Amino acid sequence: MSLKEEMDHVAVELALEPQSAARARAIISSLETDADSSSLDHARLLASELIADALATEPRSQDAAITVEAQMLDGTNRVMVAFHGLALDVPADTPEPAAPGWGIHLVRTLANRWGIQRANGSTYVWFEA
């Protein structure tokens with residue numbers, strides 16, 4: 001795990017493993033003194049659920065990794081989660097219970113703004129909460 005931290009910006013590189021969801025929540029929580037608590041709760045939830053989606057996605061490269069960046073911009077949490085070596089599934093509809101895709105669905109539902117991009121076998125998701 002590699003960590004970069006400033007007053008209103010944090011970034012961490014993580015392996016694609018179950019513990020990474022908790023690590024992502026912790027890094028986002030370090031912004032807590034500057035953020036509205038409900039906005040911060042949404043940011044932690046959405047990042048965690050995106051990582052859960054990634055863990056359920058196959059195929060993936062052997063060196064798949066995650067980068068999580070979060071920052072405060074004018075009172076808004078902006079989070080970017082990059083899945084290197086992983087083409088994250090993006091369901092068109094609400095996924096079935098216990099099926100992958102809930103992370104993207106929750107981002108669509110709860111984020112104020114969001115976007116997704118795929119390039120070179122990787123997926124980049126950003127959102128504002």
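All of the numbers you see were taken from the coordinates with simple rules; none came from a lab. What you see is a predicted model, and the numbers here were worked out from it, not measured in a lab. Every residue, glycine among them, receives a Cβ derived from its backbone with ideal geometry; neighbour counts consider all protein chains shown.
For the chain, what does the equivalent ellipsoid look like in terms of its semi-axes, each the square root of 5 times an eigenvalue of the Cα gyration tensor, given largest first in whole Å?
Working through the eigenvalues yields semi-axes of 22, 17, 12 Å.
Given the options T94, T57, T76, which has the most mean-square fluctuation in a GNM of the chain, springs set between C-alpha atoms less than 10 angstrom apart?
Answer for the Gaussian network model of the chain: T94.
Starting from the Cα gyration tensor of region 54-114, take the square roots of the eigenvalues, sort them a ≥ b ≥ c, and report rounded, prolate or oblate (rounded when a/c is under 1.5, otherwise prolate if a/b is larger than b/c, else oblate).
Oblate, since a/c reaches 1.5 and b/c is not below a/b.
Answer with one residue from P18, N120, L50: the one whose Cα lies farthest towards the positive end of the charge dipole of the chain, charges on Cβ with Lys, Arg +1 and Asp, Glu -1.
Looking along the dipole axis, the top candidate is N120.
Could you check which residue among D89, D74, D41 shows the biggest mean-square fluctuation in a GNM of the chain with a 10 Å Cα cutoff?
Taking springs between Cα atoms under 10 Å, the residue moving most is D74.
Connecting C-alpha atoms closer than 10 Å in a GNM of the chain, tell me which of P97, P59, P18 has the biggest fluctuation.
Maximum among the listed residues: P97.
About its Cα centre, what dipole magnitude does the chain give when the only charges are +1 on Lys and Arg Cβ and -1 on Asp and Glu Cβ, stated in debye to the nearest 20?
With only Lys, Arg, Asp and Glu charged at Cβ, the dipole is about 200 debye.
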